[in-house]
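To start, the structure itself, in structure tokens.
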Amino acid sequence: MMHDIIMPALGMTQDSGRIISWKKRVGDDIAIGDILMEVETDKTTMEVEAQHSGFLAKIFSDEGTDVPVGEVIAIISDTETDGEIPESSSPSKPEKEIKSPTSPSVEAPEPEVPSLPKTHIIDKNNTHGKILASPKAKRLARERGFDLGYLVQLGLPQPYHVSDLKEFESRPPAHAPGIEIYVRAEVDGTAFQNFGELINERADLPIKVAMAAFAARSYQEVLGIRDIVVQVDTISETTISYTVPEFASLSKIVQTDEARLPDLIITDLTHLRFSSLKSGPALVPTFTIGVKGDSIEVMLISPQDSLDQLQLVNCMEGFINRLEEPLMYLL
Amino acid sequence: MDREITHSQAVNEAIAEEMRRDSTVILLGEDVAEAGTPFKVLSGLVEEFGTERVIDTPIAEPGFMGIAVGAAMTGMRPIVDIMFGDFLFLIMDQLCNQAAKTHYMSGGKLNVPLVVRTNLGATRRSAAQHSQSLHALVAHIPGLKVALPATPYEAKGLLKTAIRDDNPVVIFEDKLSYQMKGNVPEEEYLIEFGQANLLREGNDVTLIGTSSMVQTCVAASDLLAEEGISAEVMDPRTIVPLDERAILESVRKTSRAVVVDEGHQNYGITAEIAARISEKAFYHLDAPVIRLGAMDVPVPFSPALEDLTVPTPELVAEKALSICRGELVHDA
């Protein structure tokens, strides 16, 4: 909480007082009764005591200035502010303007009263690392799968209420982007190239199916999960999703139009002249596959909460092994 | 058919009707017969029912309260008039140790069907010993029911129910509202205990007011409407039993609550209701539950100071607005 210190009326007829000296500096610890400053009126010079304890957060009127009675000359805050009081804060002025001969006749814009919104008085040291939110806001966030940390990232003041949850509706991805991890590799592409031609000729399968199968198997091995949906995005063509059952032969991999978030995404750049692309936050583990000469360049990006570092590396390992020896898959 | 009568007329009618209906109903207390109480609530009763049933007692609350408890155990239905709520302190043993516990301690063999009629409310310039609102004291004692009528309609309906109840009931009238008029049907009616009255429907905050604070909450809801806040106003009518279901249902809808009562705030009715909300509707709360009771000081005699001790519509609206805006009411 902030307490304004005003120029006190020290005499019955006093209009203003001159600050002779400040006895405290900004940042000083103030106790009630401490001498803050010395003020000279038309009749006398008096010491002025603090009426609040706390820290001297800001001084608006320097030594030697003549200040009208009632004007805010400084602020005492309950907590150490570390200079948090914005520079733009200026004291509220009494209605009477004291015009010095040199002051221009242009009216200054109405100064804002130096008070901080009440929602800002959270002392971050007192939250024990918790995010402060109302019980209802926390419950709704949990039910809807919202991470309140997103609101912290946005810099919104705590505590959060139900009305703050509307921020989740306007955010771009389905959930707040977390930390992403990635791994990159370059492998000889000859075997996979031949394999692609083989399945195309013999089984009339596009090479995309092989990519989906290899990625899915590597992912299934690491996480031990069964049917997964792999989305293959070739940038220029329509995105296709495949359902890959566990231990499926290539012919069992079918296209799906299930409207759910895929488990894996493959960004296929093999027909383009560049080999890696990242166009937004990775919501699920994403393989980017590009061609560079005779080699294939593979990048696997994943949200850290989908794959940890070891899983990421193992998943990549499985995938590039299959690229190098694609026939092993058929066995 | 509805007609407008005052709060005192409503009380008077309730007693007269019950005394006509049931000859075991008697009325006793200070100045209840000749003077008809300082608030003139009981005028005319002694003329109709005689001094055998409308009994002026000496100024000795413990004595006549003891008489009433004995009479109730042995078949009468006494209505005890405690002139000022502040005098409850004088009858604590008879009320709390005897009347409240006799049914239990006699293994259900004895009933104590008595009513203590008294009042609450400050701002009548009556100083600290005649201005207290002490309903929390008796609400704390198991075995006592506590009714807090807020309108002439409630004053009559709740008092009649109290007289017919087989257990001790303490009913507090707001002494400032004795001259307040309100619609009261001519036909006989009773108001069931434990049924809250929803006065205003709203979506943003629930204002729960008792007795004198019901109208304060209604006025606050008008102020809030000007700020675009829609407040629900609820009057529990009886605090023992308390219509917890209705209160929780409302708070689950609005997510916010301000509880207003004229008893002292510390350890008071507001604290009890706020605690129940926090405990049982916790996951529906979007703001801390606010208590607004009378200031925790002896009620001052100075009018200027006395008026400051009681919650006002402005104060209720300010607190409600503050939680509706998500402001921190207390440091986190």
*asked:* With n ≥ 4 as the cut-off for DSSP H runs, can you work out [θ] at 222 nm for chain B, using -39500 (n - 2.57) per run divided by the number of residues, rounded to the nearest 500?
replied: -10000 deg cm²/dmol
*Would you mind checking the radius of gyration and Dmax of segment B:95-199 based on alpha-carbon positions, in Å?*
15.0, 46
*Mind running the shape call on segment A:268-328? Use the C-alpha gyration tensor, a ≥ b ≥ c as the square roots of the eigenvalues: rounded below 1.5 for a/c, prolate if a/b tops b/c, oblate otherwise.*
oblate
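Calculate the tail of P(r) for the protein assembly as shown: the fraction of all Cα-Cα distances greater than 36 Å, expressed in %.
Numbers: 137531 of 219453 pairs.
Tail of the P(r) past 36 Å holds 63 percent of the pairs.
Just rank B:H330, B:H7, fewest to most, by other beta-carbon atoms within 10 angstrom.
Numbers: B:H330 7, B:H7 28.
Least to most surrounded, the residues fall as B:H330, B:H7.
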*What residue among B:E318, B:E52, B:E187 shows peak mean-square fluctuation when chain B is described by a Gaussian network model with Cα springs under 10 Å?*
B:E187
*If we restrict to alpha carbons, what Rg and Dmax does segment A:228-281 come to, in Å?*
12.3, 33
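Beyond 14 Å, what share of the Cα-Cα pairs of segment A:124-170 is found? Please give it as a whole percent. Mind dumping the intermediate values first?
On the way: 477 of 1081 pairs.
When all Cα pairs of segment A:124-170 are counted, 44 percent exceed 14 Å.
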_Centre separation in Å (Cα based) which lies between segment B:299-320 and segment B:101-137_ = 25
_Using only the alpha-carbon atoms, how far is helix B:269-280 inclined from the longest principal axis of chain B? Give it as 0 to 90 degrees, nearest 10._
60
*asked:* Quick one: the Cα spread of chain B along its three principal axes, in angstroms, biggest first?
replied: 60, 42, 42
_Column: log10 I(q)/I(0), Debye, Cα scatterers of segment B:198-304, q = 0.20, 0.23 Å⁻¹_ = -0.99, -1.26
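How many percent of the alpha carbon pairs in segment B:2-185 exceed a separation of 25 Å? Don't skip to the end; give the middle numbers.
Values: 4513 of 16836 pairs.
In whole percent, the share of Cα-Cα pairs in segment B:2-185 beyond 25 Å is 27.
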*Given q = 0.16, 0.17 Å⁻¹, what are the Debye log10 I(q)/I(0) values for segment A:1-65, with equal point scatterers placed on the Cα positions and solvent ignored?*
-0.50, -0.57
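Cα convex hull of segment A:180-330: mean projected area in nm², to one decimal?
Approximately 8.1 nm², given one-decimal rounding.
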*For segment B:154-244, what size does the Cα cloud have along each of its three principal axes, sorted from largest down, in whole Å?*
46, 30, 24
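Just so you know, all these numbers are worked out from the coordinates, no wet-lab data involved. It should be emphasised that the depicted structure is a prediction, and the values quoted were computed from it without experimental measurement. Virtual Cβ from ideal backbone geometry, glycine too; neighbours counted across all protein chains shown.
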